[in-house]
1. Of everything in the stretch 341-393, what is touching a residue at least 24 places away in the same chain (Cβ under 8 Å), assigned to a strand (DSSP E or B) and surrounded by fewer than 15 Cβ atoms within 10 Å (Cβ to Cβ)? Give them in sequence order.
2. Based on what the data block shows, is residue 51 assigned by TED's automatic domain parsing to the domain that holds residue 160, in contact with a strand residue (DSSP E or B) (Cβ under 6 Å, 6 or more places away or on another chain) and assigned to a helix (DSSP H, G or I)?
3. Can you find a residue that is away from ligand 2 (no atom under 16 Å from the Cβ) and within 27 Å of the chain's Cα centre (by Cα) anywhere in the stretch 221-228?
4. Failed condition for residue 210, given (1) more than 14 Å from residue 95 (Cα to Cα); (2) away from ligand 2 (no atom under 16 Å from the Cβ), with all others met?
5. In the stretch 227-276, how many residues are within 28 Å of residue 170 (Cα to Cα) and assigned to a helix (DSSP H, G or I)?
6. In the list 67, 93, which residue meets the criterion of being more than 16 Å from ligand 2 (Cβ to nearest atom), crowded, with 16+ Cβ neighbours inside 10 Å, assigned to a helix (DSSP H, G or I) and without any contact (Cβ under 8 Å) to a residue 40 or more places away in the chain?
7. Residue under question is residue 284, and the condition is that it be outside any loop (DSSP other than H, G, I, E, B) and out of contact with any helix residue (DSSP H, G or I) (no Cβ under 6 Å at 6 or more places or on another chain); does it hold?
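The values are calculated or read from the model by the stated rules, or taken from the named source; none is laboratory data. On a predicted model such as this, the values are computed, not experimentally measured, just so you know. So basically every Cβ, Gly included, is an ideal-geometry build from the backbone, and we count neighbours across all protein chains shown.
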Ligand SMILES: [Zn+2]
Ligand SMILES: [Zn+2]
C-alpha cells in the first residue's frame, strides 16, 4: 500500500470509527500441534484438509495458508496430495462446481442474502474424527463447517450477495453424496393495514364446506363459499408482483363478513411463498389493490416485514372501536342509563352459537371500555363502543339467548337487534 493510500485509509478509519481491518494473523502452534502435524505429513491430505487438522488454532488464516505455515515451521516435506484426498474426496478443490450448482438451483429468483448448509455422508465425517484421533489433533475443524464457510465465500465472490445466518433470502443445502444443491427460497413478508368497505366478503379465502375446495355443484365448481376475500383481493396483486407461488394471510383478528373495517384499517402480514422477485414497488401496490378490487378493499402503510411480525400480529390483543346500528324502540335516556351500568365492568360471554363450530364452548370475561349513543331515532339508535379484544359485540347487544350477561337488550328491557356493524379502529400499538 502506497503512503497516500495509507493516509486515506487512516482518515477513513478515524471518520468511520471502525473499518473492517483484517484480524492480525495469529498462528503459533504449540509443540504438541507440531508433533501432530509431523504425524500427518505422509497421509496424502490436500492442503485444505492438512491445514484444517489445526483449523481451530489461531486465526486470520485459511486452512491452506495454515498448511503452508506448518510446512515452513516443520521444514519437512509433506507427501503429495492423493487423488482423491482421503479426507475430503476433493470436495474443496471443486468449490466452483458447487457454486455453479447453487446458482443454477435458484436461476430466475431474486436473492441478496443467503445461508449455506451441507449434508454429508456420516462415514465421511466419522472418518475425519478418526483421523483427528490418529494424529492426536484436538484442533480439528469439521469438513462440514469449513465447506459451508468456503462455499459461502465463493458464492459471495461470484455474486456480490451476502452470506450469513441472518435473515437469508435463500438457504442452499449441498447434498455431497448426491452432488446436488437443494435451495429453499424463503418467503417475503409484507405488512400493512387493510380497510374492507364491502359487507359481503370474508377476510380469508373460505373453502366450500361440502367439497372442501375441490369444486362441487353447491359452490358452482369454485371450491369456495364466497367468490372472493380480503386475502385474495390484497394477495392477488402482490402475488403477481412478486411472482410468488401462493400467499398466506395473517390478520390481527378478523371482523364478521357483514362488518366493514374502516378507520386506519386492520394490521396484517402477507406471506408471499417462493417469490421470484423480492424488490416490490409497495406504493404502486397500494393503488393496484384499490383499483383491482374496485374499491372493496384498500391497503395502507405497506412495508417489508419478517416472520417475527407474523407472531406479533397473531399474538396482539388490542382493544377495538365499533359503530353499531341497533334496531329496537327504546328512549335514548334508557339506553344511556343502561350504558352507564354496562361500561367498565365485566361481562360474561359464553361462546356464541354462531362460532361454536370453531371455538371451544366456554365462558369468557370481557369488558366494554366505553360506549355512547351517537344517533337515535324512533326505531333504533347508533352506538360507538370500545371493547376489550375478543368481545362479541353483536351478542352483547342482543343477548344471544342469555349466553352474554349482562347484555344491552336485557338492561333496557326491550328486544334489540344489530342492524349493521363497522369496526372503526383496531387500537394496536405495533406502529
Ligand atoms: Zn482434502
Ligand atoms: Zn363445493
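1. 348, 370, 372, 374 - these are the residues of the stretch 341-393 that are touching a residue at least 24 places away in the same chain (Cβ under 8 Å), assigned to a strand (DSSP E or B) and surrounded by fewer than 15 Cβ atoms within 10 Å (Cβ to Cβ).
2. Details: assigned by TED's automatic domain parsing to the domain that holds residue 160: yes; in contact with a strand residue (DSSP E or B) (Cβ under 6 Å, 6 or more places away or on another chain): no; assigned to a helix (DSSP H, G or I): yes.
Here the answer is no, as residue 51 does not meet what is asked.
3. Checked against the condition, which is being away from ligand 2 (no atom under 16 Å from the Cβ) and within 27 Å of the chain's Cα centre (by Cα), the stretch 221-228 yields no hits at all.
4. Every condition holds for residue 210 apart from (2).
5. 12
6. Working: 93 fails: without any contact (Cβ under 8 Å) to a residue 40 or more places away in the chain.
None of the other options fit; the residue is 67.
7. Numbers: outside any loop (DSSP other than H, G, I, E, B): yes; out of contact with any helix residue (DSSP H, G or I) (no Cβ under 6 Å at 6 or more places or on another chain): yes.
Here the answer is yes, as residue 284 does meet what is asked.
Yes/no per residue for (1) within 17 Å of residue 107 (Cα to Cα); (2) out of contact with any helix residue (DSSP H, G or I) (no Cβ under 7 Å at 6 or more places or on another chain); (3) surrounded by 20 or more Cβ atoms within 10 Å (Cβ to Cβ); (4) not assigned by TED's automatic domain parsing to the domain that holds residue 298:
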| residue | (1), (2), (3), (4) |
| --- | --- |
| 155 | yes, no, yes, yes |
| 158 | yes, no, no, yes |
| 163 | no, no, yes, yes |
| 199 | no, yes, no, no |
| 209 | no, yes, no, no |
